[in-house]
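Data first, discussion second: the structure below is written as structure tokens.
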Amino acid sequence: MKRKYAVITGDLVKSREILERYKVQIKLQKVLNAVNKEFKDDILVNFSITLGDEFQGLLDKPEKSFDIIKEIQKEMYPVKISFGIGYGTISTKIAKKTTEMDGECFRKSREALLTAKKLKQEIIYNTGTDIDLSVNTILRLMYSIKSDWKKIHYHRIWLYEKLGTLEKVAKVEKITKQMVSKMFIDIKYEDIRNAEETVKKLLSTL
């Protein structure tokens, strides 16, 4: 059986409408460079900008794909990005750039990206396995919940994920712990975290 790989293809949403598009593209390249370093043990071919506002990278396996996407989303916020993840074989040798490669995982990634853009979803997985329905349903429900989040919500969530406790977030934000806790309950943060863990567990089975 031929070895399978994971491809992440991302595309900036409505990129032509983005103000200071050139600066956004420069920032995207810096973010991708940082991701390549942080996840170097999981990335086989580095992420790079491929077509205009599209970018792509090849992973050893899909397990870390969700963490990589979350990091890109965080660093590029508030710019919206559509992601398509494909899982399958490759028909060429491993090259320095994904643009020099081809195969099943690349076609599936492209199909997933087109579906994500058509359905106006953040992320679509196309692994060709039984987990696709579960993973994509969970992601769709997560997206529905997060569509109501504001900048302050993301800011405090990322702060919490960095600092680790509500007390520390409250101290930095100069508010009470109870206020932070209430905000997290209101935006269903615990539900989102549980959903994310479920997605990662499903991906780890591939």
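The values are calculated or read from the model by the stated rules, or taken from the named source; none is laboratory data. This structure is a prediction, so every number in the text was calculated from the model and none was measured. Heads up, the Cβs are rebuilt from the backbone with ideal geometry, glycines too, and the neighbour counts pull from every protein chain shown.
Just a few scattered comments:
- Residue in region 117-127 that is over 25 Å from Trp158 (Cα atoms), in contact (Cβ under 8 Å) with a residue 24 or more places away in the chain and not basic (Lys, Arg) present: yes
- Residue check, Lys168 farther than 18 Å from Asp67 by Cα, surrounded by fewer than 15 Cβ atoms within 10 Å (Cβ to Cβ) and either free of Cβ contacts under 8 Å to residues at least 40 places away in the same chain or not polar (S, T, N, Q) (or both): no
- Flag for Gly52 being in the same structural domain as Lys14 (by TED's automatic domain parsing), under 24 Å from Gln25 (Cβ atoms) and at pLDDT below 95: yes
- Among the residues here, Phe184 qualifies as among the aromatic types (Phe, Trp, Tyr) and over 30 Å from Val45 (Cα atoms).
- Restricting Glu173, Glu122 to residues that are at pLDDT 95 or above and assigned by TED's automatic domain parsing to the domain that holds Gly10 narrows the list to Glu122.
- Looking only at residues of region 59-68 that are surrounded by fewer than 19 Cβ atoms within 10 Å (Cβ to Cβ) and touching a residue at least 60 places away in the same chain (Cβ under 8 Å), we find that the one that is nearest to the chain's Cα centre (by Cα) is Asp67.
- Odd one out for Gln56, checked against (1) on the phi < 0 side of the Ramachandran plot; (2) surrounded by fewer than 19 Cβ atoms within 10 Å (Cβ to Cβ); (3) touching a helix residue (DSSP H, G or I) at 6+ places or on another chain (Cβ under 9 Å): (2)
For (1) surrounded by fewer than 18 Cβ atoms within 10 Å (Cβ to Cβ); (2) closer than 20 Å to Leu58 by Cα; (3) assigned by TED's automatic domain parsing to the domain that holds Lys162, each residue gets a yes or a no:
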{"site": "Phe83", "(1), (2), (3)": "no, yes, no"}
{"site": "Gly86", "(1), (2), (3)": "no, yes, no"}
{"site": "Thr98", "(1), (2), (3)": "no, yes, no"}
{"site": "Arg110", "(1), (2), (3)": "yes, yes, no"}
{"site": "Lys117", "(1), (2), (3)": "yes, no, no"}
{"site": "Asn126", "(1), (2), (3)": "no, yes, no"}
{"site": "Thr137", "(1), (2), (3)": "yes, no, no"}
{"site": "Ile145", "(1), (2), (3)": "yes, no, no"}
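- Hey, Tyr5 over 16 Å from the mean Cα position of the chain (by Cα), crowded, with 18+ Cβ neighbours inside 10 Å and either over 21 Å from Gln121 (Cα atoms) or of a type in the set (Asp, Glu) (or both) or not: yes
- Sole exception among (1) more than 15 Å from Glu75 (Cα to Cα); (2) assigned to a helix (DSSP H, G or I) for Asn46, by number: (2)
- First in region 175-200 and more than 29 Å from Thr129 (Cα to Cα), second anywhere and exposed (fewer than 14 other Cβ atoms within 10 Å of the Cβ), Cβ under 8 Å, 6 or more apart: Lys177/Glu167; Phe184/Glu190; Ile187/Asp148
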